[in-house]
Amino acid sequence: MSAAVFDTGALIGFERNERRVVAIVARAVHHREPLFLPAGVVAQAWRDGSRQPRLARLLGSPLCEVVVLDDRRARAVGQLCGVTNTADVVDASVALAARERGARVITSDPDDLRSLDPHLDIVAV
């Protein structure tokens, strides 16, 4: 599969042990393929690490990288929202992270991601 960027729905699916998402993560671990989680995605999914052990382990994995939302990226995300006439900055950060890394997007909401960038390689879960 190569590198993948998760949106919030996919990350929640992993936490809920949804078979398809778990299989994607297992394959990434087996092949040592990086998983990218934009910071906003983590913020939307994270509630209590003591009650989210699967998510805590994933975030602690050396294959998992949280993509920061610094000033440069925040402006690029805002610009993408402006160009596409959308408002969801977390979805835009997912699209931007995938675009920058040439990675697939693992998402529970493919239509929103396609509206941000129709050229993204999207895996709907």
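Report every pair of residues separated by at least 6 positions or lying on different chains whose Cβ atoms are under 9 Å apart, first residue within segment 66-91 and on the phi < 0 side of the Ramachandran plot and open to solvent by 70 Å² or more (accessible area, probe 1.4 Å), second not polar (S, T, N, Q) and not in a helix (DSSP H, G or I).
Taking only residues 6 or more apart or on different chains, the pairs are VAL68/PRO38; LEU69/PRO38; VAL89/LEU69.
LEU59: without any contact (Cβ under 8 Å) to a residue 60 or more places away in the chain, touching a Cys at 6+ places or on another chain (Cβ under 6 Å) and aliphatic (A, V, I, L, M), yes or no?
Working: without any contact (Cβ under 8 Å) to a residue 60 or more places away in the chain: yes; touching a Cys at 6+ places or on another chain (Cβ under 6 Å): no; aliphatic (A, V, I, L, M): yes.
No; evaluated as a whole, the condition is false for this residue.
Given the conditions (1) at pLDDT 95 or above; (2) open to solvent by less than 60 Å² (accessible area, probe 1.4 Å); (3) not in a helix (DSSP H, G or I), and given that MET1 satisfies all but one, which numbered condition is not satisfied?
Going through the list (1) at pLDDT 95 or above; (2) open to solvent by less than 60 Å² (accessible area, probe 1.4 Å); (3) not in a helix (DSSP H, G or I), MET1 breaks only (1).
Please tell me if VAL94 is open to solvent by less than 50 Å² (accessible area, probe 1.4 Å) and under 13 Å from ALA4 (Cβ atoms).
Working: open to solvent by less than 50 Å² (accessible area, probe 1.4 Å): yes; under 13 Å from ALA4 (Cβ atoms): yes.
Criteria met by VAL94.
Within segment 30-40, which residues are closer than 24 Å to ASP88 by Cα and either touching a Phe, Trp or Tyr at 6+ places or on another chain (Cβ under 6 Å) or surrounded by fewer than 18 Cβ atoms within 10 Å (Cβ to Cβ) (or both)? Lay out the reasoning, then the answer.
Residues of segment 30-40 that are closer than 24 Å to ASP88 by Cα, as a first pass: 35-40.
Those that are closer than 24 Å to ASP88 by Cα and either touching a Phe, Trp or Tyr at 6+ places or on another chain (Cβ under 6 Å) or surrounded by fewer than 18 Cβ atoms within 10 Å (Cβ to Cβ) (or both): LEU37, ALA39.
Would you mind telling me which numbered condition in (1) over 13 Å from the mean Cα position of the chain (by Cα); (2) assigned to a helix (DSSP H, G or I) GLU33 fails?
With respect to (1) over 13 Å from the mean Cα position of the chain (by Cα); (2) assigned to a helix (DSSP H, G or I), GLU33 is out only on (2).
Can you tell me which residues in segment 10-24 are in a helix (DSSP H, G or I) and surrounded by fewer than 21 Cβ atoms within 10 Å (Cβ to Cβ)? Explain how you work it out, then say what you get.
Residues of segment 10-24 in a helix (DSSP H, G or I): 10-15, 19-24.
Result: ILE12, GLU15, ARG19, ARG20, VAL22, ALA23.
Quick one: which of ARG114, ARG99, ARG27 is free of Cβ contacts under 8 Å to residues at least 12 places away in the same chain and open to solvent by 60 Å² or more (accessible area, probe 1.4 Å)? Spell out the reasoning first.
Working: ARG99 fails: free of Cβ contacts under 8 Å to residues at least 12 places away in the same chain; ARG27 fails: free of Cβ contacts under 8 Å to residues at least 12 places away in the same chain.
Checking each option against the conditions leaves just ARG114.
The values are calculated or read from the model by the stated rules, or taken from the named source; none is laboratory data. Values in this document were obtained by computation on a predicted structure and should not be read as measured data. Quick reminder, even Gly has a Cβ in these numbers, built from the backbone with ideal geometry, and neighbours come from all protein chains shown. Accessible surface is based on the protein model in full, side chains and every heavy atom, while ligands, DNA and RNA are left aside. Shrake-Rupley method; radii C 1.70, N 1.55, O 1.52, S 1.80 Å.
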